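Right, one structure below, let's go through it.
The values are calculated or read from the model by the stated rules, or taken from the named source; none is laboratory data. Quantities reported herein were computed from a predicted structural model and do not represent experimental measurements. Ideal geometry is used to build each Cβ from the backbone, glycine not excepted, and the neighbour counts take in all protein chains shown.
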Amino acid sequence: MMNPLINLDDYREAARKRLPRFAFDYIEGGAESEGGLRHNREALARIRLIPRRLRNVARRDTSCELFGERLAAPFVVAPTGLNGLLWPRGDIALARAAARNQIPFVLSTASSSSIEEVARACDGDRWFQLYVIHRRLAEQLVRRALAADYTTLVLTVDVVKNGIRERDLRNGFGLPMRMTRTLVCEGLAHPRWSASLLRHGLPRLANISRAEPGDTELQAALLSRSMDATFDWPGLTLLRDLWPRRLIVKGILTVEDALACMRLGVDGVVLSNHGGRQLDDCIAPIEALENVRDSVRMPILIDSGFRRGSDIVKALALGADAVMLGRSLLYGLAAQGEAGVDRVIALLRGQLDDTLAQIGCSSLNDLCKEHLQIPRNG
């Protein structure tokens, strides 16, 4: 009889067992020594909760409003790449689970299913995340997302150069995937994963593969897999003009950058260090949240290191409007597919509800900084 999966560590372990090592390391790993990964968790753990007593919490509400829409929970499915490596049609599984749970789903530029495929398969609130690899490709992707009726564009700005991910280097993992001896041996050791991969094929970068074949400069940029390091504030201004709907900038960590986004007409920001996958010695987003919240008047989302409902409560009490969930949901996807995503969302929502009750809050609106003990330098 299988042991029940009762927390995120259990789903992580189930994912580790089902996936070959290189695939698990791809979602699990961070930059260089992975100190940034650990720091994200440690920064959240240093914040302690202060309960308030004798409050009526018999009924609790975990819903919230974000950009004028009511969400069942303050969650957004973060953009993550190559989800077809974890489960067949993994992006579509995530999108469908998000729709069922009444939360937005963000499709990555590096997804295994295309903008159009996800739009046909899911009728929930779909957002599209943009990497600027090449300006003309970026414009093509933006126009495709608009035509497919995505409500929100999320521009990622913290990947001017791909981070040094030592696990991937040791495993020889990259794109396009090659049938190396290591991959074959790992596949034989994980027959369930291999069988699904054989049925559905190797994961591909579905959005990028549709780039115009006659554009040699664009194709060269795609082959190098490098980002456009020249993209700057004027580039963001042009993107704001190109995209008529909601625009969010992801990867902000300073008040100055958040204010600059607001001045250019950006609708919201995501405080993020890319889950510790870019700069190993970067601050944790939770450490920037209080100052940014005190300085800007627009929706603030946050990600990186959130593993329990109590983590999410801490971010909301510091002023975040919602939390983007990345690895947390990928553990569920890799372990049990679409059903696993549903279960992890339910797990985190249950923990969120329990934490609200424990600290004397009947809704997310009751949360404030007075519920937190925040470590101060010095």
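Conditions (1) within 15 Å of the chain's Cα centre (by Cα); (2) closer than 27 Å to Ala258 by Cβ; (3) aliphatic (A, V, I, L, M), marked per residue:
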residue: Glu287; (1), (2), (3): no, yes, no
residue: Gly305; (1), (2), (3): yes, yes, no
residue: Leu316; (1), (2), (3): no, yes, yes
residue: Met324; (1), (2), (3): yes, yes, yes
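Could you give every pair whose Cβ atoms fall below 7 Å, whose first residue belongs to the range 253-272 and is over 18 Å from Val323 (Cα atoms), and whose second residue is modelled with pLDDT of 95 or more and hydroxyl-bearing (Ser, Thr, Tyr), counting only separations of at least 6 or pairs across chains?
Once the first residue is over 18 Å from Val323 (Cα atoms) and sits in the range 253-272, its partners that are modelled with pLDDT of 95 or more and hydroxyl-bearing (Ser, Thr, Tyr) give Val255/Ser295; Leu259/Ser295; Leu264/Thr237.
Among the residues of the range 130-186 satisfying the criterion of being surrounded by fewer than 20 Cβ atoms within 10 Å (Cβ to Cβ) and of a type in the set (Ser, Thr, Tyr), which is nearest to Arg240 (Cα to Cα)?
Thr151
Quick check: is even one residue across the range 220-241 surrounded by 19 or more Cβ atoms within 10 Å (Cβ to Cβ) and over 30 Å from Ala148 (Cα atoms)?
no
Kindly evaluate Ala317 against the criterion of being within 25 Å of Arg18 (Cβ to Cβ), out of contact with any Asp or Glu (no Cβ under 8 Å at 6 or more places or on another chain) and either modelled with pLDDT under 95 or not basic (Lys, Arg) (or both).
Spelling it out, it is not the case that Ala317 is within 25 Å of Arg18 (Cβ to Cβ), out of contact with any Asp or Glu (no Cβ under 8 Å at 6 or more places or on another chain) and either modelled with pLDDT under 95 or not basic (Lys, Arg) (or both).
In this structure, is Leu107 within 18 Å of the chain's Cα centre (by Cα), crowded, with 17+ Cβ neighbours inside 10 Å, modelled with pLDDT under 95 and of a type in the set (A, V, I, L, M, F, W, C)?
It is false that Leu107 is within 18 Å of the chain's Cα centre (by Cα), crowded, with 17+ Cβ neighbours inside 10 Å, modelled with pLDDT under 95 and of a type in the set (A, V, I, L, M, F, W, C).
Can you find, within the range 163-179, the residue that is modelled with the lowest pLDDT among those that are of a type in the set (A, V, I, L, M, F, W, C) and in a loop (DSSP other than H, G, I, E, B)?
By that ranking, first place goes to Met179.
Give, as residue ranges, the helices (runs of 4 or more DSSP H) completely inside the range 45-162 that count at least 2 residues that are farther than 21 Å from Ala339 by Cα and free of Cβ contacts under 8 Å to residues at least 60 places away in the same chain.
Because the criterion is at least 2 residues that are farther than 21 Å from Ala339 by Cα and free of Cβ contacts under 8 Å to residues at least 60 places away in the same chain, the helices (runs of 4 or more DSSP H) in the range 45-162 that meet it are 135-147.
Can you name the number of the only condition in (1) within 29 Å of Leu279 (Cβ to Cβ); (2) more than 20 Å from the chain's Cα centre (by Cα); (3) in contact (Cβ under 8 Å) with a residue 60 or more places away in the chain that Arg178 fails?
Every condition holds for Arg178 apart from (3).
Name the residues in the range 1-39 that are of a type in the set (A, V, I, L, M, F, W, C), in a loop (DSSP other than H, G, I, E, B) and at pLDDT 95 or above, would you?
Within the range 1-39, Leu5, Ile6, Leu19, Ala31 qualify.
Report whether or not Val341 is among the β-branched types (Val, Ile, Thr) and in contact with a His (Cβ under 9 Å, 6 or more places away or on another chain).
Judged against the criteria, Val341 is not a match.
Quickly run through the range 268-279 and pick out the residues that are surrounded by 21 or more Cβ atoms within 10 Å (Cβ to Cβ) and either closer than 17 Å to Glu166 by Cα or of a type in the set (Asp, Glu) (or both).
Result: His274, Gly275, Gly276, Arg277, Gln278.
From (1) modelled with pLDDT under 95; (2) under 23 Å from Gly90 (Cα atoms); (3) not in a helix (DSSP H, G or I), pick out the condition that doesn't hold for Arg192.
Condition not satisfied by Arg192: (3).
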